[in-house]
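**Q** Got a structure for you, questions after.
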Amino acid sequence: MFELILKITLAHLLGDFVFQTNKMVQDIQDKKFRSLYLYAHIVIHLLLILIATGFDKKYIIASIILALSHFAIDVITKVFLKNSISTISNFLLDQFLHVIAIAVFIKHFYNYNIDLNQIFSNQNYLLVIALISLTYVSSILIKKIIEIFNYPLPNGGLKNAGKYIGMLERLFVFGFIVTSFWEGIGFLLAAKSIFRFGDLKENKDIKLTEYILIGTLLSFGVAILIGLLYLKIKVIL
């Protein structure tokens with residue numbers, strides 16, 4: 001079973017990310033069903049699946065159905081939902097539906113069961129709580145603390161870039177703590193300082209420097225606290 005999962009996953013990744021160009025995607029979105037790339041993309045996927053399964057007769061019909069499901073999913077995401085949801089939501093939905101289709105394909109040949117008790121375990125609940133705390137909760141908390149200083153941020157940056165940078169750095173710090181790679185936190189802090197140094201030097205603004213330092217230290221401190229609490233509670237569970 002594991003070998004088949006690897007083969008079909010490889011075929012999917014090659015078809016969706018290697019042999020599908022931006023030009024193909026744009027043409028499908030613009031011309032919809034009139035796009036020849038839409039059908040070429042499905043043919044490429046079918047060929048890749050057949051190659052991955054060694055053109056074994058027992059896989060041929062299921063491979064055709066899987067390719068047709070890929071066609072249906074692409075029509076839903078690239079044609080009907082293109083302007084209805086954000087690009088990233090569209091991409092995630094597209095890949096999620098493909099994963100389900102592949103899971104059904106594998107299920108047809110190998111009977112496996114998904115243990116919902118493991119998925120909805122206390123440890124997984126704890127992990128989700130930690131991730132939400134690291135991202136959305138921490139962002140709001142740090143923003144409220146920073147607002148105390150009433151410092152107007154200079155214009156020119158990407159919208160909400162600071163928010164997402166903070167989320168990413170806290171997730172990295174959390175990952176370093178969970179894997180006991182504390183050196184990574186120092187590396188991350190040093191890397192951020194180097195990138196910020198040019199901006200601070202150019203602005204020559206002491207308040208901006210202090211603002212960034214406070215935000216950075218709060219972000220790292222919150223991430224470390226959540227990481228340590230996660231490890232402590234995980235042991236209890």
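The values are calculated or read from the model by the stated rules, or taken from the named source; none is laboratory data. These figures come from a predicted structure and were not determined experimentally. Please note: Cβ atoms are built from the backbone with ideal geometry, for glycine as well, and neighbour counts cover all protein chains shown.
**Q** Among the numbered conditions (1) exposed (fewer than 12 other Cβ atoms within 10 Å of the Cβ); (2) touching an Asp or Glu at 6+ places or on another chain (Cβ under 8 Å), tell me where residue 73 comes up short.
**A** So the condition that residue 73 fails would be (1).
**Q** Please state which of the following conditions residue 151 fails to meet, knowing it meets all the rest: (1) without any contact (Cβ under 8 Å) to a residue 60 or more places away in the chain; (2) in contact with a Lys or Arg (Cβ under 9 Å, 6 or more places away or on another chain); (3) not in a helix (DSSP H, G or I).
**A** (1)
**Q** Follow-up. Check the stretch 37-45 and report whether any residue there is surrounded by fewer than 17 Cβ atoms within 10 Å (Cβ to Cβ) and over 17 Å from residue 70 (Cβ atoms).
**A** no
**Q** Another question about this same structure. Which one is nearest to the chain's Cα centre (by Cα), of the residues in the stretch 46-101 that are among the charged types (D, E, K, R), within 23 Å of residue 22 (Cβ to Cβ) and assigned to a helix (DSSP H, G or I)?
**A** 94
**Q** Here is a list: 192, 201, 163. Which entry is at pLDDT below 95, farther than 21 Å from residue 142 by Cβ and assigned to a helix (DSSP H, G or I)?
**A** 201
**Q** Here is a further query. Surrounded by 15 or more Cβ atoms within 10 Å (Cβ to Cβ), part of a helix (DSSP H, G or I) and among the acidic types (Asp, Glu): does that describe residue 30?
**A** When the stated conditions are applied, residue 30 does not pass them.
Residue by residue, here is whether (1) surrounded by 12 or more Cβ atoms within 10 Å (Cβ to Cβ); (2) in contact with a His (Cβ under 8 Å, 6 or more places away or on another chain); (3) not assigned by TED's automatic domain parsing to the domain that holds residue 222 holds:
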| site | (1), (2), (3) |
| --- | --- |
| 91 | yes, no, yes |
| 104 | yes, no, yes |
| 125 | no, no, no |
| 136 | yes, no, no |
| 141 | yes, no, no |
| 152 | no, no, no |
| 162 | yes, no, no |
| 177 | yes, no, no |
| 184 | yes, no, no |
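**Q** Looking at 1, 24 in this structure, which one is closer than 19 Å to residue 103 by Cβ and at pLDDT below 95?
**A** The unique qualifying residue is 1.
**Q** Just give me the residues in the stretch 20-75 being among the acidic types (Asp, Glu) and more than 29 Å from residue 2 (Cα to Cα), in sequence order.
**A** Within the stretch 20-75, 27, 30 meet the criteria.
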